[in-house]
Amino acid sequence: MDHTPSVLPHDVLIHLLQETITRHVSAEAQIEHVASVPITPGLSGARIQRHQITLKAPQGPKQASLVTKEAGLLERSILTILNEQGQQAIPFSHTLDLTTDGPALLCLQDLNPLPESASEQASPPSLLLQKAQGLAAIHVANRGQREAFSWLPRADRSYVTTYIQQRFWRPAWERVVHNSVFIQLFGTEIPQVEAAAAIIADEMDALYQENNMLTLVHADLNPSNVMIYENTPYFIDWELPRYGSFYLDLPHLFPTLEQAEYYRQALGETEIRITPEEFAVRYRIAARFIGLRYIWLPLKAWQEDHTRTTRIRHYLSMILQ
């Protein structure tokens, strides 16, 4: 009979926290006390906790703060890879489980600010440059790794069709497009949006066929997934990563072509040179997709309050540029 004692969840948590401390904070520090509090989950609903930790270290007591979340295997795997690569725009992380095909604990650096989306201030050039360099570093390091990422879902034609025609744009659009108030507000844009939606799968498929542009992409790099900590941007919540065109990650992070130019220049620093004209064509395709992909939420909000048009117009500008 096996008399090995079962591992309690609290023991698993302490073990995970200690290993994270040892790897990323201090190799000599030991946990003395942990006080844990829940954090309001995001749209994914994943359970998240913040842990205020008292450490015993040779230099004396220290304080640390870490976050744990129940993360899927894709997120745990991708963050492990990006940490091993030393990516600067990624919070440090650690997991004890890289095999379970389901939620398991992931321990993360506690960035603890408000998301950038909570601020209406425009990003200063220095911050845009950091974002561009951080994202370009991730894309370049994982570019051309189709076989290595064979396990990663693809941002191919079926992905675009599923997100636009089945899950997000089409269902939300059909609920408002025949509304007389909506027609009065957006009537001139309606046929243009429908024309864009009709060809977006072809356009995005053309990007996917450009093998030299394919890499690991976040694929959900909306403003709430960018945190600013100590004046440094971090890309978080890698729950929906894909292997696809790096243009897919650009429009939400850089909502204008002028801002996206920082990324083009960052690529140029890595000797991946794209002319402004070629870059603009592909950026606008990706922007049309992102606009269609995300407009569903403001459309839903508009149904409840017809004065809420600002975010609709924001995404319309992306679709129709």
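Decide, for the range 188-241, between rounded, prolate and oblate: order the square roots of the alpha carbon gyration tensor eigenvalues as a ≥ b ≥ c, take rounded if a/c falls under 1.5, and otherwise choose prolate if a/b is larger than b/c, else oblate. It comes out oblate by the Cα gyration axes.
Surface exposure of the chain, expressed per residue as accessible area with a 1.4 Å probe, stands at 50 Å². Relative contact order of the chain: 17 percent, from C-alpha pairs under 8 Å at least 6 residues apart in sequence. With a simple spin-label model that places each label point 7 Å from the Cα along the Cα-to-Cβ direction, the separation between Thr275 and Ser126 comes to 3.6 nm. For Ile285, neighbours were defined as the other residues whose beta-carbon sits under 12 Å from its Cβ, and their charges (Lys and Arg +1, Asp and Glu -1) total -2.
Rounded, prolate or oblate: which fits the chain when a ≥ b ≥ c are the square roots of the eigenvalues of the alpha-carbon gyration tensor, with rounded for a/c under 1.5 and prolate only if a/b beats b/c? Here the chain falls in the prolate category. By accessible area, using a 1.4 Å probe on protein heavy atoms only, the range 112-269 has 50% of its surface on carbon and sulfur. Result for the chain in a Gaussian network model with C-alpha springs under 10 Å: among Asp97, Asp249, Asp156, the largest mean-square fluctuation is at Asp97.
As a rough guide to protection, the peptides 14-24, 306-316, 126-136 ranked by mean Cβ packing within 10 Å, highest first, stand as 126-136, 14-24, 306-316. Of all beta bridges that DSSP places with both ends in the chain, some 95 percent have antiparallel geometry.
Across all directions, the shadow cast by the convex hull of the range 39-81 built on its C-alpha atoms averages 4.3 square nanometres.
Under the simplified labelling scheme, the Ala198-Ser26 pair shows an inter-label distance of 6.5 nm, with each label point 7 Å from Cα along Cα→Cβ. Take the Cβ atoms of Gln145 and Gln59, set R0 to 35 Å, and the FRET efficiency comes out at 0.25. Highest mean packing comes first when the peptides 142-148, 51-57, 240-246, 269-275 are listed by Cβ atoms within 10 Å, giving 240-246, 51-57, 142-148, 269-275.
Rounded to the nearest 0.05, the FRET efficiency derived from the C-beta distance between Thr162 and Asp101 at R0 = 22 Å is 0.60. Toward the positive end of the charge dipole of the chain, about the Cα centre and with charges on Cβ (Lys, Arg +1; Asp, Glu -1), which of Asn211, Leu17, Ser180 goes farthest? The residue sitting farthest along the positive end of the dipole is Ser180. Projecting the Cα atoms of Thr68, Ile48, Phe92 onto the charge dipole of the chain (Cβ charges, centred on the Cα centre) puts Ile48 farthest toward the positive pole.
Taking 7 Å steps out from each Cα toward its Cβ at Gln303 and Asp205 produces label points 3.0 nm apart. Since only Tyr263, Pro241, Thr310 are under comparison, the one whose Cα sits farthest along the positive direction of the charge dipole of the range 208-321, derived from C-beta charges on Lys, Arg, Asp and Glu, is Thr310. A simple packing score, the average count of other Cβ atoms within 10 Å per residue, orders the peptides 252-259, 100-107 as 252-259, 100-107, with the highest score first.
The values are calculated or read from the model by the stated rules, or taken from the named source; none is laboratory data. Because the structure is a prediction, the values reported are computed rather than measured. Methodologically, a virtual Cβ is constructed for each residue, glycine included, from the backbone with ideal geometry; neighbour enumeration extends over all protein chains shown. Calculation scope for accessible area: heavy atoms of the full protein, side chains included, ligands and nucleic acids excluded. Shrake-Rupley method; radii C 1.70, N 1.55, O 1.52, S 1.80 Å.
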